[in-house]
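Only one structure is covered here, and it is reproduced in the block below.
Laboratory data are not the source of any read-out in this text; all were calculated from the coordinates shown. A quick note: this is a predicted structure, and the numbers were derived from the prediction, not measured.
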Amino acid sequence: MNNQNEKNSGSARSAAGLKIVVSLLALCLMGGLMIFAVSRAVENASMAEISYENDNGGTLYEPDLSVSAEIPITDSLTDPDTSDAKQEEEGNSQDSSAGLMPVQGEIVKSYSGDSLLYSETLDQYVCHKAIDIQAPAGSPVCTAGSGTVTETGVDDRYGSYVLISHGSGLESRYCCLADIRVSEGDVLKKGDTVGTVGEDALFEKAEGPHLHFEVIKNGALTNPDITAG
């Protein structure tokens, strides 16, 4: 009987010892997982400081993640000129490009932006990103502001045209001209004559003699009413 009790007691002690060993192993496993997680976090943080190879290869440099440096914004591909004289010149150019209708007449078709207007010539609804000013054929067409003639030619849709740059990303285009009286590179003052009103715009034949007048700001057509008004 005593032997049986001793065996039972020994079995109980063995089971308790096994439980302790299992518990210790579990604790070690959890500790190992925590250490692994911490090391991975440290490794990921270190990746942010990795060096990058420059465009020429070879030399390595640390990435500059600061946002304190000012980024220059310019309308041209050349180095920006921030001198007082340059800023004054551009300011005068902007002032001189506004406030003058290029031809005396009635606006018969307004700027529609992305909205559709009915075209009698095409017999369909189209966007009209310009204003059409009706005037007698041969009426003088004047530049709305001082600037430089950058292009002249004939457009398949809107006939003979003159394109003028006023600086600071602002341009104006005069289409449906009977004749052109300027050349590329000419420097003009506000009110100088660039040509005369015609009626050879293929897309606007039904309107008769008129000026198709566009204004471009930073490469995008904008509302000429704002400039010409």
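Rounded to whole Hz and in sequence order, give me ³J(HN,Hα) for the stretch 103-113 from the Karplus expression 6.51 cos²θ - 1.76 cosθ + 1.60, θ = phi - 60°, writing x for Gly and Pro.
The phi angles translate into 8, 7, x, 9, 6, 9, 9, 8, 6, 10, x Hz.
Return the Cα extents of the stretch 93-228 along principal axes one, two and three, sorted largest first, each rounded to a whole Å.
Result for the stretch 93-228: principal-axis Cα extents of 39, 29, 24 Å.
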